[in-house]
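**Q** Quick one: the structure is below, questions incoming.
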Amino acid sequence: MAPLNLRLFGPGVLTVAGAVIRPHSTKTLGLLAFLVIESDRPHTRARLAGLLWGRSPEGSARQSLRQALYSLRTLASGRLHDCLCTDHQLIRLTPDCRIDVDYQRFLGGVRSTDIRQWLEAAALYRAPLLDGQTFEGCEDYEAWLASARERIQAIAIQNLDRLVAYEISQADWSAALAHAQALRDLDPTSQPATRHLLRIFAARNEPHAIEAEWTRLSGLLHREFGAQPSRETADLLRALGHG
């Protein structure tokens, strides 16, 4: 039986052997994402019903939860059936669930000491968790999702930062530039990303790129925060013969 693949970075896509499998509803997808990301512990039915159906009466919310669980169990010819551990009170996605999830591979990669795994993790994180999905009337779920996105992005930023530092140490300027630009894209106001870029442009003898990056950062900080680049960034600029 072909495995079920879940891509949570982006809008959230389920596939089997390349064919897209559509959940019953956006909330069903949201429930699956929550159970995957919070799979380290069981969750009460009341908690899950409140997250996604909190504006409905309790009985209706619990019924909607039961319907969503049934939908997940029957999805893709029942591939998730044995993954859901449930009783009258608690629900959990089993740790040995046979589903390939980009989020789980991302975490495994960033926790590794192998740079090849860091590279794979960087390639996996191309968009925020459930990017573009909305859960109207689900304030608690939206709050959880915003927190999860922020936490995951912070991990992605740390992973890119150490990749760039390693690649600079190896004088692999092309790889360092690509990852430094990805780091800047994740956080356009990141001064560590700018400092990486200044060093890379200096090594590549690209003075115009140095000036352009400094101008970009200075303008953005002024517009967003009424601030200037830090002394550390300014000192690096002068040390490279600019400013």
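**Q** Starting from the Cα of Ala239, step 7 Å toward the Cβ, then list every residue of the stretch 189-212 with an amide N under 15 Å from that point.
**A** Those under the cut-off are 192-203.
**Q** When ranked by the protection proxy of mean other Cβ atoms within 10 Å per residue, highest first, what sequence do the peptides 108-119, 138-149 form? All intermediate terms of the calculation are to be shown ahead of the outcome.
**A** Values: 108-119: 14.0, 138-149: 15.6.
In decreasing order of mean packing, 108-119, 138-149 become 138-149, 108-119.
**Q** Report which label in (i) 65, 39, 34; (ii) 47, 38, 36; (iii) 68, 41, 28 holds the value of Cα extents along the principal axes in Å derived from the coordinates of this structure.
**A** Checking each listed value against the structure points to (iii).
**Q** Also, I was wondering about something else. Residue separation times 0.36 nm, minus the C-alpha to C-alpha distance between Ser60 and Ala123: what's the value? Could the numbers behind the result be given before it?
**A** Values: separation 63, 0.36 × 63 = 22.68 nm, distance 4.13 nm.
Roughly 18.6 nm would be gained on extension.
**Q** Additional query: Determine the per residue accessible area of the chain with all protein chains present and a 1.4 angstrom probe, expressed in square angstrom.
**A** Here the residues of the chain average 52 Å² of exposed surface.
**Q** On to the next question. At 0.36 nm per residue, and after removing the present C-alpha to C-alpha distance, how many nm does the segment from Gln158 to Val20 gain when stretched out fully? Each step should come with its number before you reach the end.
**A** Values: separation 138, 0.36 × 138 = 49.68 nm, distance 3.20 nm.
Residue separation times 0.36 nm, minus the Cα-Cα distance, leaves 46.5 nm.
**Q** How long is the gain from Thr215 to Arg111 if the chain were fully straight, where each residue apart is worth 0.36 nm and the alpha carbon distance is subtracted?
**A** Taking 0.36 nm per residue and subtracting the Cα distance, the gain is 33.9 nm.
**Q** When the accessible area of the chain is split by element with a 1.4 Å probe, what percent falls to carbon and sulfur?
**A** 50 percent
**Q** While we're here: Per residue of the stretch 118-132, in order, report the coupling 6.51 cos²θ - 1.76 cosθ + 1.60 (Karplus, θ = phi - 60°) as ³J(HN,Hα) in whole Hz, putting x for Gly and Pro.
**A** Result, rounded to whole Hz: 5, 5, 5, 4, 4, 5, 6, 8, 10, 7, x, 4, 6, 4, x.
**Q** In degrees, nearest 10, range 0 to 90: what is the angle between the Cα axis of helix 139-169 and the longest Cα principal axis of the chain?
**A** Once rounded, the angle reads 40 degrees.
**Q** Here is a further query. Report, to the nearest 10°, how far helix 191-203 tilts away from the longest principal axis of the Cα atoms in the chain, using its own Cα long axis and a range of 0 to 90°.
**A** 50 degrees
**Q** May I ask for the angle, rounded to the nearest 10°, between helix 58-74 and the longest principal axis of the chain, with both axes built from Cα atoms and the value confined to 0 to 90°?
**A** Rounded to the nearest ten degrees, it is 80.
The values are calculated or read from the model by the stated rules, or taken from the named source; none is laboratory data. Note that the coordinates shown come from a computational prediction; the quantities given were computed from them, not determined experimentally. Because the Cβ atoms are built from the backbone with ideal geometry, glycine has one as well, and the counts that use them run over all protein chains shown. Each accessible area value is taken on the protein alone, full model and side chains, heavy atoms only, with ligands, DNA and RNA left out. Shrake-Rupley method; radii C 1.70, N 1.55, O 1.52, S 1.80 Å.
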